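Student: Dumping the structure here so I can ask a few things about it.
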Amino acid sequence: MSAFAQNGPPPMEQVERILIIKPSSLGDVVNALPFLTSLRQRYADRHVAWLVEEEAAELLLGHPFLDRVIVSGRRRWALESLAPLRWPSALREISGLMAELRGGRYDLVVDLQGLMKSALMLVFSGARFRVGFASAREGSRRVLTHLVPLPSRPMHAVDRYLEAARFLGAEPLSKAFVFPSRADDGMRAEALLAKAGVGPGDPVIALNPRARWRTKLWEEERFARLGDMLAERFGARILVIGSSSDLPLANHLAARMHPAPFVAAGRTDLKLLIALLKRIDLLVTVDSGPMHLAAAVGTPLVALFGPTDPRLNGPYGSEGAVLRVPLPCSPCLKRRCQIRDDRLCMRSISEEEVAAAASAILATGNRCRTSRVLS
C-alpha cells in the first residue's frame, strides 16, 4: 500500500466537486461510462467533470451527466514537440490545462487510468482526496490518498471501473452506457445509408479493419474476401467504417472487393458513428474503439481477438461472437509480436470461420453473446 494512502473510501460528505481522469483510449472511455452513470445516480447534486484526450472528447462533450469536460491535447503536444516552431503554442495550451485543473477546486479526483501521465494530472489538480486502483502502475499509486482494492481474478474493464464506484458508495443500479447525441444524428445516419444504396429491409454489414496496435490487425485480403462472401450469401450492403485517418486503408480494401462496398470511413464523427452502428445488422471488427461502441449500443458483432484478452477488454455484454485461437503466446498484451511468425494469433483466424459466426447471427437471428475458441 502507498505510504500516503488511507484505509477505506474518502468522506464523501466533504466532497462537492469531483474530477474523473480517464484520458484515453476511445474504448477505455466507453468502458468507463457506466462508472459515470453510477456516480451521477448516487451524487446527483455534485459537480462532476472529466479529463479526456482529444481523440475521445466527442464521446463526452454535451454529456447529460457531466458538468464540465476538460480536453487534453497530450498526443498532439507530443508530436508538436518535434517541431520547435510549435513549442510556444503547445506550452501555452499545457499551461492553460494546468490552470484549468487547479482552478476547478476539485475536492476529489478519481484516476481510472492508473499511469504516470494521469498521476501528474492528479497532482496538478491539488485535490485533497485522490482515489485510484491499488494496481496502478508506473509509480502512480504513490500520489493516491485512497486505494480501490480489486480481486485477484481477471476482471473486465467495465467491472473494474464499477469497483471504484462501489468504493465511493455509488453502488451501480445498472450498467448503462449513456452517450451524448444531437437531434439530427439519426436522420444523418439514415441519409448516409441511403447514399450507400441501402433500401428498406436490406441487411447492412460493417467492417472495421483498423486498430491502434499492429498486432491486433487481421489481413486486409481476408477482410476483402469475407466482405465478398457475406455480400453474396445475404445480399447485404457492406460498409467499411473508420476515421478520416483510416480512409486510405478503407479505399484500398474497397478496391479489392466485388461488388465494391460503401466507404463510410471519414464520413462520420463519433456521434454519427454511434447512430450508424445502431442501424446496422452486424459489425465484423478487430479489437478497437468502434468494437466497444457497437457493444455498448447493442449492435450484433463478430470480434476477432489475438494479442489481447477478451475477458479484460472484450465487447462488454454484446450480442454476437468473440473469436480467438488458443495459442501458447496469446494473449500476450503486446503491441509488437514476440515470435518470429508475426501475428500468428490473428492470421490463424480464417475468413470461413468468421463468415460462419456472422452467418449464425444473421441467418438464425440468434443474437445471444457467445465466445468461441477456435481450434
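Every read-out reported here was derived from the displayed coordinates using simple, explicitly stated rules and does not represent laboratory data. These numbers come from a predicted model, not from an experiment. Don't worry about glycine lacking a Cβ; one is built from the backbone with ideal geometry, like all the others, and counts go over all protein chains shown.
Student: Taking Cα pairs under 8 Å and at least six residues apart, what relative contact order does segment 185-373 come out at, in percent?
Tutor: Taking the mean separation of contacting Cα pairs over the length of segment 185-373, I get 22 percent.
Student: Once you keep just the Cα pairs under 8 angstrom separated by 6 or more residues, what percentage relative contact order results for segment 241-345?
Tutor: Relative contact order of segment 241-345: 18 percent.
Student: Another question about this same structure. Once the Cβ-Cβ distance between Met187 and Arg212 is put in as r, and R0 is 35 Å, what FRET efficiency do you end up with, to the nearest 0.05?
Tutor: Efficiency at R0 = 35 Å is approximately 0.65.
Student: Which lysines have a Cα lying under 16 Å from the Cα of Lys22, excluding residues fewer than 8 positions away in the same chain?
Tutor: Lys117
Student: Considering Cα pairs under 8 angstrom that are at least six residues apart, work out the relative contact order of the chain and quote it in whole percent.
Tutor: Answer for the chain is 15 percent.
Student: Please list, in chain and number order, the residues 5+ apart from Leu282 or on another chain whose amide H is under 5 Å from its amide H, with Hs placed from the backbone.
Tutor: Val204, Ala206
Student: Please work out whether the chain counts as rounded, prolate or oblate from its C-alpha gyration tensor, where a ≥ b ≥ c are the square roots of the eigenvalues and a/c under 1.5 means rounded, while otherwise a/b larger than b/c means prolate and anything else oblate?
Tutor: Prolate, since a/c reaches 1.5 and a/b exceeds b/c.
Student: Give me the number: length gained by fully extending Asp309 to Asp341, i.e. 0.36 nm times residue separation minus the C-alpha to C-alpha distance, one decimal in nm.
Tutor: Value of the extension gain: 9.6 nm.
Student: Evaluate the Debye formula for segment 211-281 with equal point scatterers sitting on the alpha carbons, no solvent, and hand back log10 of I(q)/I(0) at q = 0.19, 0.26, 0.28 Å⁻¹, in q order, two decimals.
Tutor: Taken in order of the listed q values, log10 I(q)/I(0) reads -0.82, -1.27, -1.31.
Student: Just how many % of Cα pairs in segment 12-167 lie over 24 Å apart, if you round to the nearest whole percent?
Tutor: Cα-Cα pairs of segment 12-167 separated by over 24 Å account for 30 percent.
Student: Sticking with this one: Among the lysines, select those whose C-alpha is under 27 Å from the C-alpha of Lys195, and discard any that sit fewer than 8 residues away in the same chain.
Tutor: Lys271, Lys278
Student: For Arg68 and Ala176, what is the calculated FRET efficiency with R₀ set at 25 Å and r taken between the beta-carbons, to the nearest 0.05?
Tutor: 0.75
Student: Let me ask something else about it. Between Ile20 and residues 5 or more places away or on another chain, which pairs have amide H atoms under 5 Å apart, with H built 1.01 Å from N, and which residues are they?
Tutor: Amide H neighbours of Ile20, under 5 Å, 5+ apart: Ala49, Trp50, Leu51, Val110.
Student: Next question, about the same structure. Testing the spin-label approximation: label points 7 Å from Cα along Cα→Cβ at Glu352 and Asn7. State their distance in nm.
Tutor: 6.1
Student: A follow-up question, please. What's the angle, to the nearest 10 degrees (0 to 90), between helix 185-195's Cα axis and the longest principal axis of the chain?
Tutor: 20
Student: With unit charges on the beta carbon (Lys/Arg positive, Asp/Glu negative), name the residue among Val240, Ala134, Ala183 whose Cα is farthest towards the positive pole of the charge dipole of the chain.
Tutor: Ala134
Student: Would you be so kind as to identify which of Gly201, Leu108, Leu293 lies farthest towards the positive end of the dipole of the chain, taking Lys and Arg as +1 and Asp and Glu as -1 on Cβ and the Cα centre as origin?
Tutor: The residue sitting most towards the positive pole is Leu108.
Student: So how strong a dipole does the chain carry about its Cα centre when Lys and Arg Cβ are +1 and Asp and Glu Cβ are -1, to the nearest 20 debye?
Tutor: The dipole of the chain has a size of about 780 debye.
Student: Further, regarding this structure: Output the 0 to 90 degree angle, nearest 10, between the alpha-carbon long axis of helix 87-103 and the longest principal axis computed from the alpha carbons of the chain.
Tutor: Tilt relative to the chain: about 60 degrees.
Student: Run the quick spin-label model on Arg46 and Ile94: label points 7 Å from Cα toward the beta carbon, then report their separation in nm to one decimal.
Tutor: Distance between label points: 3.1 nm.
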